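Working notes for the structure below.
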Amino acid sequence: MKNTTLGSCIRSLRKHKHMTQSQLADALGVTDKAVSKWERDISYPDIALFPKLAERLGVTVNDLLQDCREVDCTPSKLLQTFEVSRDIRTPLHIMLGFVEIAKHNYNDPDALLRYLENIQVSGEYLMSLLDRMMQERYCANESVTRGTLPLNPEDLDSYLKTEVEQRLGRQEDYDFSGKRILIVDDMAVNRQIAAEMLRQTGALTESVEDGLACFSRVKKNPAGYYDLILMDIMMPNLDGLEATRKIRQLSDPGKAGLPIIAMTTNVSEEDRRKAMDAGMNGFTEKPILLEHLLTQMSRYLCK
């Protein structure tokens, strides 16, 4: 297979169309200097320009990029980036679209709920997509994929229609009234999100910014004061794993046995194993899938 560069592809196709650099630049709304840099492989066009660039040169995006290979004939980083961008833009388009629609229909609760469900399902698909990309490129021997969401953006439309209808028909209520939950996360916005999610269950929440503050709260308050801890893993001062180990070593069995669920962006099997080895009882990924989190929490709060 021949090795070519994007610059040589653009230059060859431009000349075949009898276009000057200036004419191509005008058609794309960029400067002559930008086109010159592309053709000399000094820089790449913006990802968003590729569809228009391919159209002006009389080819498809794939035609434009298919000959751009690395030395070992694998797809170029540029081609991989474009494919990732295309896959990610589909659920993002859906999510941002429904946000815009929701802003104009906030007085219609039924419609608003449907829009929010579409946003949530699309967000879950996006997380599944990112997990799968990470699995394929960085941890091929580990499983990080969530659920059985569709693998291709083309399937997302039909999946949305069926999944949203099913979810609207199976709203489940969790009652954690009177239960006190300690939320441990170094980001204030994450603590706020978790607290708002739990508010609908009737739970009482407190929050701290790191594992050191968490350990101090558990040690200071009497056994039974907290019913469960939601613990981030990567935090300053004292991370979630070490904080869990210190809690498990407390002499008071009521404190040492406090249920702790990891709530983290570290989603590999190795991360799960480390959490369990440290003494955690459960593991949930960020962004949080509320039903999954509440199901785990119910094992310890609904006995």
*Subset of segment 270-298 (residues that are touching a residue at least 12 places away in the same chain (Cβ under 8 Å) and under 17 Å from the mean Cα position of the chain (by Cα))*: 271, 283, 284, 285, 286, 287, 288, 289, 290, 291, 293
*Candidates 78, 64, filtered to the one that is aliphatic (A, V, I, L, M), in contact with a Leu (Cβ under 8 Å, 6 or more places away or on another chain), at pLDDT 75 or above and surrounded by 14 or more Cβ atoms within 10 Å (Cβ to Cβ)*: 64
*Which residue, of 116, 112, 126, 130, is part of a helix (DSSP H, G or I) and either more than 20 Å from residue 162 (Cα to Cα) or in the same structural domain as residue 47 (by TED's automatic domain parsing) (or both)?*
130
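Listed here are the residues, each with its yes/no results for (1) in contact with a helix residue (DSSP H, G or I) (Cβ under 8 Å, 6 or more places away or on another chain); (2) not β-branched (Val, Ile, Thr).
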{"residue": "189", "(1), (2)": "no, no"}
{"residue": "206", "(1), (2)": "yes, yes"}
{"residue": "217", "(1), (2)": "no, yes"}
{"residue": "243", "(1), (2)": "yes, yes"}
{"residue": "246", "(1), (2)": "yes, yes"}
{"residue": "262", "(1), (2)": "yes, yes"}
*In segment 1-19, how many residues are of a type in the set (A, V, I, L, M), without any contact (Cβ under 8 Å) to a residue 60 or more places away in the chain and out of contact with any Phe, Trp or Tyr (no Cβ under 6 Å at 6 or more places or on another chain)?*
2
*Scanning segment 1-19 for residues that are among the polar types (S, T, N, Q) and in a helix (DSSP H, G or I), which turns out farthest from the chain's Cα centre (by Cα)?*
12
_Quick check on my filter: what residues within segment 20-41 are without any contact (Cβ under 8 Å) to a residue 12 or more places away in the chain and not in a helix (DSSP H, G or I)?_
20, 29, 31
*Take the residues of segment 235-269 that are touching a residue at least 40 places away in the same chain (Cβ under 8 Å) and out of contact with any strand residue (DSSP E or B) (no Cβ under 8 Å at 6 or more places or on another chain): which is farthest from residue 194 (Cα to Cα)?*
269
*Residue that is modelled with the highest pLDDT [pool: residues in segment 100-142 that are among the hydroxyl-bearing types (Ser, Thr, Tyr) and under 14 Å from residue 156 (Cβ atoms)]*: 122
*Is segment 164-176 home to any residue that is under 17 Å from residue 258 (Cβ atoms) and at pLDDT 90 or above?*
yes
*Which of the strands (runs of 3 or more DSSP E) contained wholly in segment 173-289 include at least 1 residues that are charged (D, E, K, R)?*
180-184, 204-208, 282-285
*Does segment 176-227 hold any residues that are under 22 Å from residue 295 (Cα atoms) and of a type in the set (Lys, Arg), and which are they?*
179, 180, 191, 199
*May I ask you to say which residue of 185, 252, 210, 239 is among the acidic types (Asp, Glu), in contact with a helix residue (DSSP H, G or I) (Cβ under 6 Å, 6 or more places away or on another chain) and farther than 30 Å from residue 121 by Cβ?*
239
_Conditions (1) basic (Lys, Arg); (2) at pLDDT below 85; (3) surrounded by 18 or more Cβ atoms within 10 Å (Cβ to Cβ); number of the one not met by residue 14_ = (2)
*When segment 153-163 is examined, which residues are found to be touching a helix residue (DSSP H, G or I) at 6+ places or on another chain (Cβ under 8 Å) and at pLDDT below 75?*
153
*Does segment 208-218 include one or more residues that are basic (Lys, Arg) and either crowded, with 20+ Cβ neighbours inside 10 Å or under 14 Å from residue 297 (Cα atoms) (or both)?*
no
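The values are calculated or read from the model by the stated rules, or taken from the named source; none is laboratory data. Predicted, not measured: the structure shown is a model, and the values here were computed from it. A quick note on method: Cβ atoms are made from the backbone with ideal geometry, for glycine too, and the neighbour counts reach across all protein chains shown.
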